[in-house]
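Participant: Got a structure for you, questions after.
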Amino acid sequence: MEIFWQGLVEAVRLLAAGDPEVLEITLRTLKISGLATLISVLIGVPLGTLLALANFPGRRFLVSVVNFGMGLPPVVVGLAVWLTFTRYGPLGFLGLLYTPAAMVVAQAIIASPIVAGFTVAAMQSLNPKIPLQILALGASRLQLLWLLVREARLGLLAAVMAGFGGVISEVGASMMVGGNIAGSTRVLTTATVLAVGQGKYELATALSIILLFLAYGITAFLTVAQQRSSHA
């Protein structure tokens, strides 16, 4: 317990002093995880909406694949991305391995099934009579889709929060494809692992607390938006 309090004091000191390395790592964490979440939303929401509303051969199989992907081990994703971007891999010529871009790709792959799975659940929870009522009022297919998305907005915001939670806490794939390089790919999770390995437990605790504050801040912002939408 003493280490926790010392870590809390250290976290406050680092933030109050504006430690450049800690601020850099924190901003990089937010940038990489934020971009990965955005990409996962752009992929997961349309995919989840399609799987929830459309009826075509193989749909149930695809839903099962999405549900399986929600629990996909990050290290497996990291290995797949590493093999793809390694020098002799199919995309090795891009030179993305051990760069923030590779971390974004890995985290987006991890989060996309999570967002898609939550989207499927949100869209399928709507009353099945709603589309019929909207079409009966003369709405086009595009207007129908937009209105259904608006109706399911609470569940979709939950999907965004789940996706962000999946990437902000990820460490295995980030270490594998990013390399935890100082000044380039080091983020709060990988920096915490490094600090523990070096026996700097107060620093590791401080970084963990900063990570928790960052994750809570973003989640609280999305929660406020969600609750406002529920009263709109």
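The values are calculated or read from the model by the stated rules, or taken from the named source; none is laboratory data. All values derive from a computational prediction rather than experimental measurement. Because the Cβ atoms are built from the backbone with ideal geometry, glycine has one as well, and the counts that use them run over all protein chains shown. Only protein heavy atoms, including side chains, enter the accessible area calculation; ligands, DNA and RNA are left aside. Shrake-Rupley method; radii C 1.70, N 1.55, O 1.52, S 1.80 Å.
Participant: Pull out a ≥ b ≥ c, the square roots of the eigenvalues of the alpha-carbon gyration tensor of the range 11-135, then state rounded if a/c is under 1.5, prolate if not and a/b is larger than b/c, and oblate in the remaining case.
Facilitator: Details: a/c = 3.09, a/b = 1.58, b/c = 1.95.
Oblate, since a/c reaches 1.5 and b/c is not below a/b.
Participant: Can you list which of the chymotrypsin sites (Phe, Trp or Tyr not before Pro) found in the range 77-182 are DSSP loop residues with at most 16 other C-beta atoms within 10 Å? Could you put the intermediate results ahead of the total?
Facilitator: Values: sites: Trp82, Phe85, Tyr88, Phe93, Tyr98, Phe118, Trp146, Phe164; in loops: Tyr88, Tyr98.
Sites meeting the loop and neighbour criteria: Tyr88.
Participant: A further question follows. Report the gain in length on full extension from Ala54 to Leu15: 0.36 nm times residue separation, minus Cα-Cα distance, nm rounded to one decimal.
Facilitator: On the way: separation 39, 0.36 × 39 = 14.04 nm, distance 4.91 nm.
Additional length available on full extension: 9.1 nm.
Participant: Then there is this: Where in the chain are the DSSP H helices whose C-alpha atoms run 30 Å or more along the long axis and whose mean Kyte hydropathy is at least -0.5? Intermediate values should be presented prior to the final figure.
Facilitator: Details: long enough: 20-53 (48 Å, 1.41); 100-124 (35 Å, 1.57); 201-230 (42 Å, 1.09).
Flagged H segments are 20-53, 100-124, 201-230.
Participant: Over the chain, give the accessible area per residue in Å² for a 1.4 Å probe, as an integer. All intermediate terms of the calculation are to be shown ahead of the outcome.
Facilitator: Details: 12680 Å² over 232 residues.
Roughly 55 Å² per residue, with all protein chains present.
Participant: Stretch Ala121-Leu23 to full length: gain in nm at 0.36 nm per residue minus the Cα-Cα span? Numbers along the way, then the final one.
Facilitator: Values: separation 98, 0.36 × 98 = 35.28 nm, distance 3.73 nm.
Full-extension gain reported as 31.5 nm.
Participant: Run the accessible area of the range 13-141 with a 1.4 Å probe and give the carbon-and-sulfur part as a rounded percent. It would help to have the intermediate numbers written out before the result.
Facilitator: Numbers: 5200 of 7330 Å².
Exposed carbon and sulfur together represent 71 percent of the surface.
Participant: From the C-alpha gyration tensor of the chain, pull out the three semi-axes of the equivalent ellipsoid (sqrt of 5λ each), sorted largest to smallest, in whole Å.
Facilitator: On the way: eigenvalues 275, 106, 35 Å².
Output for the chain: semi-axes of 37, 23, 13 Å.
Participant: Taking the Cα centre of the chain as origin, work out the dipole magnitude from +1 charges on Lys and Arg Cβ and -1 charges on Asp and Glu Cβ, in debye rounded to 20.
Facilitator: On the way: 13 positive and 8 negative charges, 178 e Å.
Computed about the Cα centre, the dipole is about 860 debye.
Participant: For a test of the definition: using alpha carbon positions, the gyration tensor, and the 1.5 limit on a/c, classify the range 142-208 as rounded, prolate or oblate. Walk me through the numbers on the way to the answer.
Facilitator: Details: a/c = 4.97, a/b = 2.85, b/c = 1.74.
Because a/c hits 1.5 or more and a/b exceeds b/c, the range 142-208 counts as prolate.
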